[in-house]
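A short write-up of the structure that comes next.
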Amino acid sequence: NPDLYFLVFGESLLNDGVAVVLYNMMSVFAGMESKGLDVTYEHMLLGVGSFFTVAFGGLAIGIVFGLLTAIVTRFTSGVRILEPLALLGGAYLAYITAELFHWSGILSLIGCGITQAQYAFKNISTESLTTVNYFIKMLSSVSDCIIFLYLGMAFFEKHVWNTGFVCWTLLFCLLVRFITIYGLSFLVNILRRNIKPICFKEQFIMAYGGLRGAVGFSLVTMISQSHVPAAQMFVT
């Protein structure tokens, strides 16, 4: 079911991007509290404002680089061998430029990828597109293997176990996940009546299948113990 594949993949990818942005914001607040500074309502409002700036700023950078790639690939008909490099280079530049401004690199990649798929892919040869597709699939599989190997090795490190914290975390993760997916899917179905609605079976698969721990684990290992004394418990 290609529709379901893109729903699950797209939702979890956007979810990862938003999670990174929220993580950075909460890290700043935790750092302020560790220094004895109060987090006021003004700081929270600035945090909400910065959330939208970081998210949409990263997305805008990605779209700009995607359009630049589309323009470049219009003139590569004589040098087809450079087309995969142009696509991958454009995506990487979008990511590092967004990170340079401390905006969301993941959302920048999403914007760049959507723009390239719509415009740049139509300018390149079939061989170049096949090369890019297989290279990205190989790279994503290797990245998945590395992060989960690292997760497996972390299992044997020193842990701080708290049964209550673990149980409540699992409960709230599942509860909030299902409420969010069912609630947003209901709104989406109302707003796009002329398109096939997202059925309850697909919503369940999105809610359960989109619970991927790689980004969450990566972020939790980056928490500074000086800012958050319970950081090791979060890793557990």
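Coordinate-derived values only; no laboratory data. Predicted model, so just to flag it, every value in this text is computed and none were measured. In this analysis, Cβ positions are derived from the backbone assuming ideal geometry, glycine residues included, and neighbour counts consider all displayed protein chains.
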Phi-derived 3J(HN,Hα) across the range 171-177 with the Karplus relation (6.51, -1.76, 1.60, θ = phi - 60°), rounded Hz, x for Gly and Pro, is 4, 5, 4, 5, 4, 5, 4
Taking a straight Cα-to-Cα line shorter than 29 Å from Lys35, and setting aside same-chain lysines fewer than 8 residues away, one finds Lys158
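Below 8 Å, C-alpha to C-alpha, sequence gap of six or more: please give me the relative contact order for the chain in percent. Spell out each step's value before the answer.
Working: 209 pairs, mean separation 57.7, N = 236.
Relative contact order comes out at 24 percent.
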Per DSSP, the loop-located GluC sites (Glu not before Pro) within the range 67-164 having at most 16 other beta carbons within 10 Å are Glu157
Quick P(r) readout (the range 63-110; Cα-Cα; 10 Å bins; whole %) gives 30, 47, 20, 4
So the angle from the long Cα axis of helix 41-73 to the longest Cα principal axis of the chain, reported in degrees to the nearest 10, equals 20
Within the set Ile136, Ile61, Ile106, GNM on the chain using Cα springs under 10 Å gives the largest fluctuation to Ile136
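Going by average Cβ density within 10 Å per residue, which order do the peptides 114-122, 158-166, 220-228 take, highest to lowest? Please list the in-between numbers first.
Numbers: 114-122: 18.2, 158-166: 10.2, 220-228: 14.0.
Per-residue mean Cβ counts within 10 Å order the peptides as 114-122, 220-228, 158-166.
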Excluding residues fewer than 8 positions from Lys201 in its own chain, the aspartates and glutamates with Cα under 14 Å of it are Asp3
For Lys122, the lysines lying under 28 Å Cα to Cα, once residues fewer than eight places off in the same chain are dropped, come out as Lys137, Lys196
Helix 2-34: inclination vs the chain longest Cα principal axis, degrees, rounded to 10, gives 50
For percent of Cα pairs over 28 Å apart the list reads (i) 45; (ii) 29; (iii) 39; the calculated value is entry (i)
